[in-house]
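Here is the structure we will look at, set down as structure tokens.
The values are calculated or read from the model by the stated rules, or taken from the named source; none is laboratory data. Since this is a predicted model, take the numbers as computed values, not measurements. Note that we place each Cβ from the backbone using ideal geometry, even for glycine, and neighbour counts take in every protein chain shown. When the accessible area is computed, the model is the full protein with side chains, heavy atoms only, and any ligands, DNA or RNA have been set aside. Shrake-Rupley method; radii C 1.70, N 1.55, O 1.52, S 1.80 Å.
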There are 2 protein chains.
Amino acid sequence: MTELLWGKQPLPSRGPKPAVTLTGIAEAGIRIADAEGLDAVSMQRIAGELPVTKMALYRYVPGKTELVAVMSDLAMGSPPDRPDQPWREALHTWANDLYDGFTLHPWLLLSTVGRRLLGPNELAWMEQGVSALTESGLTGGEQLDSILVITSHIRNIAQQSTTFPGHTTGLTEEDMQQSLAEILTTEAARFPHLTTAMRTSAGSENQGLEFGLQRILDGLELLINGRKAST
Amino acid sequence: MTELLWGKQPLPSRGPKPAVTLTGIAEAGIRIADAEGLDAVSMQRIAGELPVTKMALYRYVPGKTELVAVMSDLAMGSPPDRPDQPWREALHTWANDLYDGFTLHPWLLLSTVGRRLLGPNELAWMEQGVSALTESGLTGGEQLDSILVITSHIRNIAQQSTTFPGHTTGLTEEDMQQSLAEILTTEAARFPHLTTAMRTSAGSENQGLEFGLQRILDGLELLINGRKAST
DNA sequence: ACGCTACTGTGTCCGGCAGACACAGTTAAT
DNA sequence: ATTAACTGTGTCTGCCGGACACAGTAGCGT
């Protein structure tokens, strides 16, 4: 599995030339997932886009789980190079780059969940995030935890604002808002604070990304400055 | 769908008594999901635990998607009642309660993803979170965004620290750490900052929840105090 | 008392899925 | 030329969600 993700395959000398490549397979899968959602990705479907049959794919990949892992790391891509900046600005653009990646391939939100082996691209993203904090005075663990918080925030914001191609019941943002508004009128008594909060927030949507990000960065800044002051 | 989640079913007068109830079905599903993971939940499997066949379930629920939604809201449960506290402490315990819920039913992390209709319990959690901030001077939108950030953080921490019963490849935390360590020794040159961060963080794991939560709360406090000062 | 009718549960069938396995064709090393 | 490594194919199994026709049941109006 690690070999798959990291591309350390001992290429064979004998036998016929392979008709496809692991990367080619993964790219086909990515194309399907981008267009029709992760649920539309099946071995049959992928094989249909390649000059091989379904079973041939198992020569390249042990199972679907592993294939999705390869697809995920590939789709994630390398983080874009950014000029050196102070840690706060660096993390801010890093977070936005991450967000862009998730909106480009929404299914990544579903496939990169839970414990899993990490691929080169995912590690590259982490590297870039951590490198913004090397001069901050935070410990290694704190640096990792910091970028984890930011990643979590970005992921969930992306999840909420993205329309998944297939998979989920095709609810638009409006459907949700309307259903919610409906419920809050009939059940307002059960959720008083929520109701007023919703009412006064009408129209000021989609500030969630910046708001949360600024809070987190503020919190980090407080810690970092405190550390610096106490040395 | 809204009727399903909110239990507004017009109970019929004629015809034979139903052999099961929607709640009973959902509870069976929850039992399976808790024990063997969300993937183990199938209509057959649920029917096997009840005195009905698979197809009878469709009398109570339009499809599996909806059933999982009902299961999710039911498993989430109501947030535990907590005495009134200052906003920061209230949010802190609220976050920990949320974390406990997710560790009790790890599959909730998978099933409550993306846009979806909200059930009464999920709204009750939001209500409790928002109610901690009503006196804070934040706008309604900011209150909602605040609890969203915290939820995101809790979710992702739970995701990382939980072992999913079925579903994912059964990787222990150790497997991951070892694989990661292995990679970072052979590829240290590509990820210099990450490598040093990992090295210096050895042994200080599982601080992620508190660390991130404190940063977020710090960030919120900064904003709230700033607001109060400027009035 | 009786049938109508709404309602519940069952069995069968379909298409699609992941994957096991045996086998045929291909190519390089010997 | 033979062998052995390797790639691709076709077939089969056991699951899944769900459509549909049908049989059984029980309350209602008459």
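With +1 on the Cβ of every Lys and Arg and -1 on the Cβ of every Asp and Glu, and nothing else charged, how large is the dipole of segment B:87-229 about its Cα centre, in debye rounded to the nearest 20?
Values: 9 positive and 17 negative charges, 81 e Å.
Computed about the Cα centre, the dipole is about 400 debye.
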For chain A, longest principal axis from Cα atoms; helix A:87-104 axis from its Cα atoms; angle between them, nearest 10 degrees, is 60 degrees
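Can you give the local net charge around A:Asp145? Use residues other than it whose beta-carbon is closer than 12 angstrom to its beta-carbon, Lys and Arg +1, Asp and Glu -1. Walk me through the numbers on the way to the answer.
Details: positive: B:Arg215; negative: A:Glu142, B:Glu205, B:Glu210.
Neighbourhood net charge equals -2.
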What accessible area, in Å² to the nearest ten, does a 1.4 Å probe give for B:Met198? 40 Å²
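Carbon and sulfur together cover what percent of the accessible area of segment B:113-231 at a 1.4 Å probe radius? Can you show the working numbers first?
Details: 2710 of 5150 Å².
Whole-percent figure for carbon plus sulfur exposure: 53.
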Run lengths n ≥ 4 of DSSP H only: what is the helix-derived mean residue ellipticity at 222 nm for the protein assembly as shown, with -39500 (n - 2.57) per run over all residues, to the nearest 500? -19500 deg cm²/dmol
Ignoring everything but the protein chains, give the 1.4 Å probe accessible area of B:Ser13 in square angstrom, nearest 10. 110 Å²
Considering every residue in B:136-147, what mean count of other chain Cβ atoms within 10 Å of its Cβ is obtained? 6
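With +1 on the Cβ of every Lys and Arg and -1 on the Cβ of every Asp and Glu, and nothing else charged, how large is the dipole of the protein assembly as shown about its Cα centre, in debye rounded to the nearest 20?
Values: 36 positive and 54 negative charges, 252 e Å.
In debye, rounded to 20, the protein assembly as shown gives about 1200.
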Considering only A:Gln159, A:Leu223, A:Gly24, whose Cα is most displaced toward the positive end of the charge dipole of chain A, charges sitting on Cβ of Lys, Arg (+1) and Asp, Glu (-1)? A:Gly24
Stretched out fully, how many nm does the piece from B:Ser204 to B:Lys64 gain, at 0.36 nm a residue minus the Cα gap? 46.2 nm
With the Cα gyration tensor of the protein assembly as shown in hand, convert its eigenvalues to equivalent ellipsoid semi-axes via √(5λ) and list them largest first in whole Å. 36, 34, 19
So how strong a dipole does segment B:1-131 carry about its Cα centre when Lys and Arg Cβ are +1 and Asp and Glu Cβ are -1, to the nearest 20 debye? 700 debye
Could you tell me which of rounded, prolate or oblate describes segment B:151-231, using a ≥ b ≥ c as the square roots of the eigenvalues of the alpha-carbon gyration tensor, with rounded for a/c under 1.5 and, failing that, prolate when a/b is larger than b/c and oblate otherwise? oblate
Residue-normalised value, i.e. accessible area per residue, for the protein assembly as shown at 1.4 Å probe, in Å², stands at 49 Å²
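Taking the mean number of other Cβ atoms within 10 Å as a proxy for protection, how do you rank B:125-134, A:130-139 from highest to lowest? Before the final figure, lay out each step's value.
On the way: B:125-134: 21.7, A:130-139: 18.9.
Top to bottom by mean Cβ count within 10 Å: B:125-134, A:130-139.
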As a test of understanding, state the convex hull volume per residue of segment A:2-76 from its alpha carbons, in Å³. 82 Å³
Spelling out what I want: for every residue of segment A:219-229, take phi, set θ = phi - 60°, compute 6.51 cos²θ - 1.76 cosθ + 1.60 (Karplus), and round to whole Hz; glycine and proline get x. x, 5, 4, 4, 5, 5, 5, x, 4, 4, 5
On a 0 to 90° scale, report how tilted helix A:22-36 is relative to the longest principal axis of chain A, with both axes built from alpha carbons and the result rounded to the nearest 10. 50 degrees
Using alpha carbon centroids, what distance separates segment A:141-220 and segment A:3-73, in Å? 35 Å
To the nearest 0.05, the calculated FRET efficiency linking B:Gln214 and B:Met55 through their beta-carbon distance, R0 being 56 Å, is 0.60
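Provide A:Asp73, B:Asp100, B:Asp175, B:Asp218 ordered by accessible surface of protein heavy atoms (probe 1.4 Å), highest first.
On the way: A:Asp73 10, B:Asp100 85, B:Asp175 60, B:Asp218 30 Å².
From most accessible down to least: B:Asp100, B:Asp175, B:Asp218, A:Asp73.
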Roughly how crowded by other chains is peptide B:87-93, in terms of the mean Cβ count from those chains within 10 Å of each of its Cβ atoms? 0
For chain B, shape from the Cα gyration tensor axes a ≥ b ≥ c, cut at a/c of 1.5 then a/b versus b/c, turns out oblate
Within a 10 angstrom radius of each residue's Cβ in A:175-183, how many Cβ atoms of other chains show up on average? Whole number is fine. 3
Between the Cα axis of helix B:140-161 and the main Cα principal axis of chain B, the angle (0 to 90°, nearest 10) is 90 degrees
Which trypsin sites (Lys or Arg not before Pro) in segment B:1-38 sit in a loop by DSSP (not H, G, I, E or B) and have at most 14 other Cβ atoms within 10 Å of their own Cβ? B:Lys8, B:Arg14
Using a 1.4 Å probe on heavy atoms of the protein chains only, the accessible area for B:Leu123 in Å², nearest 10, reads 0 Å²
